[in-house]
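Enquirer: Sharing a structure here in structure tokens format.
The values are calculated or read from the model by the stated rules, or taken from the named source; none is laboratory data. Keep in mind that what you see is a predicted model, and the values were worked out from it rather than measured. Counting neighbours? That spans all protein chains shown, and the Cβs are built from the backbone with ideal geometry, glycine included.
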Amino acid sequence: MTEPRYVTGLVQSEVASDGAGVKLRRSIGTGHLSELDPFLLLDNFGTENPDDYIAGFPSHPHRGFETVTYMIDGQMRHKDSTGAEGVLGPGSVQWMTAGRGIVHSEMPEQKEGRMSGFQLWVNLPASDKMCDPRYQNIDPEDVPIVTLDKAVLHVLAGEVEGLDGPVAGPVTGVATDPIYLDITLSPGGSYTHAIPEGHTAFAYVFDGAVEIEGERVEKDHLAILSDGDSVTLQSAKGGRAILVAGRPLGEPVARYGPFVMNTYAEIQQAVHDFQSGNF
Ligand code: FE
């Protein structure tokens with residue numbers, strides 16, 4: 001590891017509302033930061049107040065990209081147009097490849113208590129946008145937890161060097177070759193992760209604060225990282241962040257709500273297909 005990545009931009013997440021009125025904090029997919037190729041959207045939800053989440057995300061379509069839900073606290077029931085249904089509980093991950101089209105809902109499976117987690121949208125290359133939809137539903141026990149000195153890592157995607165050798169996350173076969181880690185640092189903790197050169201990478205801090213090459217990243221802030229072959233997160237007083245990386249696609253993005261294609265004509269086709277019941 002010779003070229004450490006540093007912070008090239010800090011973005012404070014914005015309070016937003018989605019679904020039928022779920023309150024969340026959005027950091028990618030805003031007027032401030034419309035995308036971070038291949039990432040199209042990042043939402044962090046985290047609340048004790050049922051009024052902030054009870055309305056959920058009723059039935060809605062997606063085409064042309066992947067939605068990744070990482071539940072930290074609480075339970076959500078998902079249902080979709082392929083007939084699949086299940087409950088996402090604490091620590092579970094759903095990597096949904098919408099491909100040519102899916103209609104789904106995500107509704108809280110609780111009336112009180114804490115609900116927290118992330119939703120990330122990952123773009124698909126043009127060649128995969130119309131693929132068959134597929135799910136990777138990963139139970140909490142299948143997300144490895146690696147405990148190091150003053151660092152605890154949940155490995156959703158990518159590989160971590162554990163004390164007894166490499167530990168691979170359960171998400172596989174994704175076009176953008178992603179890394180997705182949930183990193184908790186104790187006071188004085190530090191963790192270094194290798195990231196392929198050329199991959200887009202960011203860290204989003206959702207508890208405490210972390211430092212990256214001397215730059216302090218506070219809670220509710222996204223740090224855009226430079227190119228390089230590794231990143232080191234440190235925390236003087238303790239902090240928790242997700243570290244996400246993926247291969248940029250470098251393709252045109254045409255975007256309309258839940259449809260993300262390469263051209264406006266493809267968006268019109270998506271709207272037409274959805275309205276005529278062809279999802
Ligand atoms: Fe959705």
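Enquirer: Residues D73, D164: which one is acidic (D, E), away from the ligand (no atom under 14 Å from the Cβ) and under 19 Å from the mean Cα position of the chain (by Cα)?
Expert: Matching residue, one of D73, D164: D73.
Enquirer: Continuing with this model, one more query. Would a scan of the range 152-160 turn up a residue that is surrounded by fewer than 19 Cβ atoms within 10 Å (Cβ to Cβ), over 14 Å from the mean Cα position of the chain (by Cα) and touching a residue at least 24 places away in the same chain (Cβ under 8 Å)?
Expert: yes
Enquirer: Which residue, of V93, V87, is aliphatic (A, V, I, L, M), free of Cβ contacts under 8 Å to residues at least 24 places away in the same chain and away from the ligand (no atom under 14 Å from the Cβ)?
Expert: The match here is V87.
Enquirer: For the range 247-258, does any single residue satisfy the condition of being over 28 Å from A98 (Cα atoms), assigned to a loop (DSSP other than H, G, I, E, B) and of a type in the set (G, A, S)?
Expert: Checked the range 247-258: no residue is over 28 Å from A98 (Cα atoms), assigned to a loop (DSSP other than H, G, I, E, B) and of a type in the set (G, A, S).
Enquirer: If you go through the range 34-48 one residue at a time, how many are crowded, with 20+ Cβ neighbours inside 10 Å and more than 16 Å from the ligand (Cβ to nearest atom)?
Expert: 3
Enquirer: Now, a different point. Taking the range 198-221, which residues are within 20 Å of the chain's Cα centre (by Cα) and of a type in the set (D, E)?
Expert: Of everything in the range 198-221, those that are within 20 Å of the chain's Cα centre (by Cα) and of a type in the set (D, E) turn out to be D207, E218, D220.
Enquirer: Can you report the number of residues in the range 90-116 which are small (G, A, S), over 28 Å from A270 (Cα atoms) and within 16 Å of the chain's Cα centre (by Cα)?
Expert: Of the residues in that region, 3 qualify.
To keep it simple, each residue is scored yes or no on (1) among the β-branched types (V, I, T); (2) more than 26 Å from Q234 (Cα to Cα); (3) touching a strand residue (DSSP E or B) at 6+ places or on another chain (Cβ under 8 Å).
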site	(1), (2), (3)
H78	no, yes, yes
G83	no, yes, no
F118	no, no, yes
P125	no, yes, no
L153	no, no, yes
A157	no, no, yes
P170	no, no, yes
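Enquirer: Next question, about the same structure. Identify all residues within the range 110-124 that are surrounded by 15 or more Cβ atoms within 10 Å (Cβ to Cβ) and away from the ligand (no atom under 14 Å from the Cβ); write none if there are none.
Expert: Q110, R114, M115, S116, N123, L124
Enquirer: Sticking with this one: Given the conditions (1) crowded, with 16+ Cβ neighbours inside 10 Å; (2) farther than 18 Å from V260 by Cα, report the number of the one that P133 does not fulfil.
Expert: (2)
Enquirer: Quick one: is F65 at pLDDT 95 or above, crowded, with 21+ Cβ neighbours inside 10 Å and closer than 19 Å to L10 by Cα?
Expert: no
Enquirer: Can you tell me which residues in the range 138-183 are part of a strand (DSSP E or B) and more than 23 Å from I212 (Cβ to Cβ)?
Expert: Hits for the range 138-183 are I138, G165, P166, A168.
Enquirer: Something else now. Among the residues of the range 125-141, write down those that are within 13 Å of the ligand (Cβ to nearest atom) and under 16 Å from the mean Cα position of the chain (by Cα).
Expert: Listed by number, the list holds a single entry, Y135.
Enquirer: Sticking with this structure for a sec: Would you point out which residue out of S276, S226, S235 is of a type in the set (G, A, S), farther than 20 Å from T30 by Cβ and exposed (fewer than 15 other Cβ atoms within 10 Å of the Cβ)?
Expert: Of the residues listed, the single one that is of a type in the set (G, A, S), farther than 20 Å from T30 by Cβ and exposed (fewer than 15 other Cβ atoms within 10 Å of the Cβ) is S276.
Enquirer: If you go through the range 59-70 one residue at a time, how many are more than 26 Å from D182 (Cβ to Cβ) and more than 10 Å from the ligand (Cβ to nearest atom)?
Expert: Count: 2.
Enquirer: Could you go through the range 49-56 and let me know if any residue there is within 14 Å of the chain's Cα centre (by Cα), touching a residue at least 60 places away in the same chain (Cβ under 8 Å) and surrounded by 20 or more Cβ atoms within 10 Å (Cβ to Cβ).
Expert: no
Enquirer: Here's another thing I want to ask about it. Tell me yes or no: at least one residue of the range 7-21 is surrounded by 21 or more Cβ atoms within 10 Å (Cβ to Cβ), within 15 Å of the ligand (Cβ to nearest atom) and not in a loop (DSSP other than H, G, I, E, B).
Expert: no
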